[in-house]
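Single-structure report; data block below.
Read the figures in this text as sums done on the coordinates, not as results from a lab. Here the structure is a predicted model, which means the values were calculated and not measured. Positions of Cβ are backbone-derived with ideal geometry, glycine not excepted, and every protein chain shown enters the neighbour counts.
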Amino acid sequence: MSIAHLDTITKSILELLRERHRVVIPDFGAFTGIYESSEVDRAEKTLSPPTLRIDFQRELRSNDGLLIAQLIEQHGWPPEEAEKRLAAFVEEAERRLARRQMIAFPGLGKLYIDFDKRYKFIQESDNLNKATFGLPEVSLTSLPTAQDMPSEANASGDNEKPIEANETASPPKQTSPKADKPSPANLRQTPSNSANQASWLNSSTPWIILMLLIILLVSGYFLWKKFTGKHNSTSPQTEETTAGSDNGLAQQPATADFNRLSPTDDELLFEDDAEDLADLQYEEEQSAEETTALQEEGEGMPSGADDSEAPTLPPDVQEGIIIIGSFTQPKNAERLIQRLYEDGYDAYSDRRGGRTRVGIRFTYSRAAELMHYLEQMKNKYNVDAWVLGE
């Protein structure tokens, strides 16, 4: 059952967001637009136009009168009727969010509350930037290459004069058979080609050796990293995890299903991960800075927003985040978030570089517990899962 007047209110919000960068729903929150410049996707080799990223801020609830005025102008509602319908919408939306249900705003995105009572918003792929609305992505592989250019042999062959059928052929001369001799042109061409090939090999050999060395170094680094990761996640972590359970540490929900996804669900869930995970290494290098920024943002929130603040952790307990997938399609991110909720996990999501990263949030006091969570996510969801901030 849909919320009353949801489509009508969403249309008015979309119209205001194309003209302004903030729309306040009284006593509920505000949708804010953040400008993002054009971006080059190294994995897909595309250039995306500038976009307007939409976020939801719970602390902005003061009525500025813009949304009510838009409802009156766009739909012809009386002022009292517009305020009454908007209040009914807010009441029903609060009730559904309290039951941990998602609210879908058509053409805008979806809003939900995570386990830490933080409001999370997943934007749809539509570009709300008025200046660049309708501009498509530009492929960087559409330029002609050397293979597309005609070769010299084909060019010279096109200029040769074809033999016409009506020309009279001269009778062949009776000569004694002689051994075939290479023409002077061929005698000149063969040494030249050999010299060019030898010169090319001599000039390219250092670069080929350098590329091979780089490949060997990169491969050795990843093998070393994989070996050390397996070494840290050996049998001692099981003992430490068991000890943590006796001490009352946070454990996995008892209702979680640790069976792997079926092939059909896995194919739908990660249908664009083959390209999205190409940038995970780059994102991992910047994850430490992002974690610090998130902590500073949490410390700078107003004291009045009690329903959006995370609980204070004990000194010996830390919060961990494991990223399971990075998506360009919002429907895939929503599918994984819903699956994590059903499995009993605290779903985590953020948006970076035009992608939505989805994972889980948990608390731990030992490094072995962190590695235990990571192994579970790799075995159950995605072998390329990684720890944010590591």
Of the conditions (1) in contact with a helix residue (DSSP H, G or I) (Cβ under 9 Å, 6 or more places away or on another chain); (2) crowded, with 19+ Cβ neighbours inside 10 Å; (3) hydrophobic (A, V, I, L, M, F, W, C), the single one that residue 340 does not satisfy is (1)
By residue number, the members of the range 15-54 that are of a type in the set (A, V, I, L, M) and part of a loop (DSSP other than H, G, I, E, B) are 43
Would you check if residue 358 is touching a Gly at 6+ places or on another chain (Cβ under 6 Å) and among the aliphatic types (A, V, I, L, M)?
-> yes
Somewhere in the range 6-14, is a residue assigned to a helix (DSSP H, G or I), within 29 Å of the chain's Cα centre (by Cα) and surrounded by fewer than 16 Cβ atoms within 10 Å (Cβ to Cβ)? yes
